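Chemist: If you scroll down you'll find the structure; I have some questions about it.
The values are calculated or read from the model by the stated rules, or taken from the named source; none is laboratory data. Just so we're clear, the structure is a prediction, and the values are computed from it rather than from any experiment. All Cβ positions, glycine included, derive from the backbone under ideal geometry; neighbour counts span all protein chains shown.
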């Protein structure tokens, strides 16, 4: 079972039930996002997970964080936006219409 392995490295899950994907398959079944200890955010197709039809449920792997992803949330007003926060305090805003160009907000550094 693949989820036994994922469960040991998965920190946070978020789901959105109406991903706007120009009427495509994911818009009907939503997206499942998982923040992992290696700093990646994986997006899965929940229909492929539950159907067990042999389709790879992994839609994409987003890589930007240097530390474990500890926070994850979809924007309820703009479902194409996903925020992820890492253990070191950095924040990334992913626009899922252009995931190759995320907005990175580094952790604040305490002044001396």
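Chemist: Checking residue 21 against (1) modelled with pLDDT of 80 or more; (2) in contact with a helix residue (DSSP H, G or I) (Cβ under 8 Å, 6 or more places away or on another chain); (3) under 20 Å from residue 100 (Cα atoms); (4) not in a strand (DSSP E or B), which single condition isn't satisfied?
Modeler: All conditions are met except number (1).
Chemist: For the stretch 80-101, which residues satisfy the criterion of being assigned to a loop (DSSP other than H, G, I, E, B) and more than 12 Å from the chain's Cα centre (by Cα)?
Modeler: If we filter the stretch 80-101 for residues that are assigned to a loop (DSSP other than H, G, I, E, B), which is where we start, we get 80, 87-90, 96-101.
Selection gives 87, 88, 89, 90, 97, 98, 100, 101.
Chemist: If you don't mind, there's one more thing I want to ask. Of all residues in the stretch 42-67, which are part of a loop (DSSP other than H, G, I, E, B) and within 20 Å of residue 101 (Cα to Cα)? Steps first, answer last, please.
Modeler: Going through the stretch 42-67, the residues part of a loop (DSSP other than H, G, I, E, B) turn out to be 45, 52-57, 64-67.
Those that are part of a loop (DSSP other than H, G, I, E, B) and within 20 Å of residue 101 (Cα to Cα): 64, 65, 66, 67.
Chemist: When you check residue 63 against the structure, is it surrounded by fewer than 18 Cβ atoms within 10 Å (Cβ to Cβ) and in contact with a helix residue (DSSP H, G or I) (Cβ under 7 Å, 6 or more places away or on another chain), yes or no?
Modeler: Values: surrounded by fewer than 18 Cβ atoms within 10 Å (Cβ to Cβ): yes; in contact with a helix residue (DSSP H, G or I) (Cβ under 7 Å, 6 or more places away or on another chain): no.
Taking the combined requirement at face value, the residue does not satisfy it.
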